[in-house]
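So the structure is just underneath, and the comments pick up after that.
Every number in this text was worked out from the coordinates using simple rules, so none of it is lab data. Since this is a predicted model, take the numbers as computed values, not measurements. We place every Cβ from the backbone using ideal geometry, glycine too, and count neighbours over all the protein chains shown.
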Amino acid sequence: MVTTGLFGDIAYYPQGSIPAEVVALEDANLAARITSWVETIHAAVGQRVRAGDTLISLDCRKPQAALLQVRADKDANSARIELAEYRVKQAQSLRDKNHTSEEALITRQSELDALRAEDHSLRARILDRQIDVEQCLVTAPFDGVIERRMVDMGEAVSPGQALIRLVNPEKNEVSATITAQSAAQINDIEQYVFISGEQEFPLQLRTMIPISDPVTRSREIRLTFAGRPASPGDSGRLVWSMKQRALTPDYLVKRGEEYGILLVENDMAVFMPVPQAQEGQPVFVDLADDARLIIKGRLIVEHDDALKIVN
């Protein structure tokens with residue numbers, strides 16, 4: 001005697017759940033690029049700023065003085081170039097009249113070439129000093145919120161020292177690490193949801209990083225928000241549902257060397273092999289809703305056994 005049930009009533013969409021966190025796509029620690037000290041702080045922690053807004057002003061007197069000096073050096077070199085050009089013309093005229101040697105002309109030309117080379121070097125130094133002056137203002141590279149300030153007014157800073165942290169709360173995504181088994185099933189997942197506290201956020205899979213952890217074989221996946229986003233730094237769980245329905249692992253039976261499930265057809269037991277099935281895992285099968293499965297008594301029933309159904 002056996003009891004039976006319809007596949008449509010028994011099957012379910014398996015779910016998975018793993019820890020996940022929200023990471024900002026635009027998150028920068030803005031650092032000093034020159035040696036100076038903080039003159040003015042223009043933005044407070046928690047303040048929203050726009051790309052290009054000045055956040056911190058550094059004392060700029062030394063960079064400006066250096067720029068003025070190199071510009072003066074270039075002006076002086078330009079005057080020397082004018083004189084050298086005049087001397088080259090004079091030397092050419094004297095050589096043409098055989099009043100001076102070819103060597104004297106070559107010497108004058110070499111002096112002019114050296115001064116012109118120096119002019120190129122000075123132009124590069126001016127550009128370098130201009131960049132230093134521009135670095136006196138620390139500006140926002142993108143829209144965002146001031147998350148933290150690491151310096152105070154009057155504090156000395158050096159190149160590479162973090163000054164302020166800027167985060168864009170509108171551009172973020174969910175990061176999670178999935179097992180090798182879940183990675184193999186990634187194309188069979190229908191829906192993703194990020195759950196943080198009492199809130200749920202629908203997601204869309206953006207990518208699975210094509211590099212596995214050498215020890216665990218796990219991979220990182222990144223998901224984007226389908227609607228309003230959670231805040232950067234939020235942690236919770238990533239929950240997903242599979243596209244295909246499955247049976248719970250207790251419906252799996254073994255006959256001979258094969259795993260499968262037992263169905264009812266014309267009051268006879270039919271063993272249906274499920275080659276990909278694994279013990280303890282959901283049993284994915286594609287059956288019609290009205291397919292009838294053996295529930296009670298399936299452990300002792302064999303293929304082609306006549307059945308007495310006592311539903």
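Hey, quick one: spin label on GLU220, modelled 7 Å out along Cα-Cβ, who in region 171-201 has an amide N within reach, i.e. under 11 Å?
What the label zone holds, given the 11 Å backbone N cut-off, is 175-177.
How would you rank ILE81, ILE209, going from fewest to most other Cβ atoms within 10 Å of each one's own Cβ?
Going from least to most buried by this count: ILE209, ILE81.
Along each of its three principal axes, how wide is the spread of alpha-carbon positions in region 164-227, in whole angstrom units, largest first?
So the three principal-axis extents are 35, 33, 21 Å.
Which FRET efficiency value, to the nearest 0.05, do you get for ASP289 and LYS243 by plugging their Cβ-Cβ distance into 1/(1 + (r/R0)^6) with R0 = 22 Å?
0.85
Return SER158, SER175, SER36 ranked ascending by Cβ neighbour count within 10 Å, so the fewest neighbours appear first.
The order, fewest Cβ neighbours first, is SER158, SER175, SER36.
At 7 Å along the Cα-to-beta-carbon direction for both ASN77 and GLU190, put a label point, then send me their distance in nm to one decimal.
7.2
Out of these labelled values of Kirkwood radius over Cα pairs in Å, (i) 19.7; (ii) 27.2; (iii) 20.6, which was calculated from the coordinates shown here?
It is the value labelled (ii).
For region 61-134, which semi-axes, largest first and in whole Å, follow from the square roots of 5 times the eigenvalues of its Cα gyration tensor?
Rounded to whole Å, the semi-axes are 36, 9, 6.
Out of region 170-247, which trypsin sites (Lys or Arg not before Pro) are coil in DSSP terms and have no more than 15 other C-beta atoms within 10 Å?
Here the sparse-neighbourhood loop sites are ARG217, LYS243.
Can you pull the percent of Cα pairs in region 66-191 with separation above 22 Å?
Of all Cα-Cα pairs in region 66-191, 68 percent lie more than 22 Å apart.
Could you tell me the center-to-center distance, by alpha carbons, between region 183-224 and region 17-55 in angstrom?
Comparing the Cα centres of region 183-224 and region 17-55, I get a distance of 28 Å.
In percent, how large is the relative contact order of region 190-311, given Cα pairs closer than 8 Å and 6 or more residues apart?
Rounded, it is 21 percent for region 190-311.
Taking the simple approach of a point 7 Å from Cα along Cα-to-Cβ for both ALA31 and TYR86, what is their distance in nm?
It is 5.0 nm.
With a cap of 12 neighbouring Cβ atoms within 10 Å, and only residues DSSP puts in a loop, list the trypsin sites (Lys or Arg not before Pro) found in region 23-57.
Taking region 23-57 and a limit of 12 other Cβ atoms within 10 Å, the loop trypsin sites (Lys or Arg not before Pro) found are ARG50.
Using only alpha carbon positions, build the gyration tensor of region 173-311, then give the equivalent ellipsoid semi-axes as the square roots of 5 times its eigenvalues, largest first, whole angstrom.
Each semi-axis is the square root of five times an eigenvalue, giving 40, 18, 11 Å.
Could you derive backbone 3J(HN,Hα) for region 57-65 from the dihedral phi with the Karplus parameters 6.51, -1.76 and 1.60 (θ = phi - 60°), listing whole Hz in sequence and x where the residue is Gly or Pro?
Those phi angles translate into 10, 9, 4, 10, 5, 5, x, 5, 5 Hz.
As a test, work out the antiparallel percent of DSSP beta bridges whose residues both lie in the chain, rounded to the nearest 5.
If I count the DSSP bridges inside the chain, around 100 percent turn out antiparallel.
Extending each Cα 7 Å along its Cβ direction at LYS308 and ARG149, get the distance between those two points in nm, one decimal.
In this crude spin-label approximation the distance works out to 8.6 nm.
With everything on Cα atoms, drop me the angle between helix 102-134 and the longest principal axis of the chain, reported from 0 to 90° to the nearest 10.
Its long axis makes an angle of about 50 degrees.
Give the order of TRP37, TRP240 when sorted by the count of other beta carbons within 10 angstrom, beginning with the fewest.
Least crowded to most crowded, the residues run TRP37, TRP240.
Per residue of region 212-229, what does 6.51 cos²θ - 1.76 cosθ + 1.60 with θ = phi - 60° give for ³J(HN,Hα)? Whole Hz please, x for Gly and Pro, Karplus curve as stated.
Each residue of region 212-229 in turn: 8, 5, x, 9, 8, 6, 7, 9, 8, 10, 10, 10, 9, 7, 7, x, 5, x Hz.
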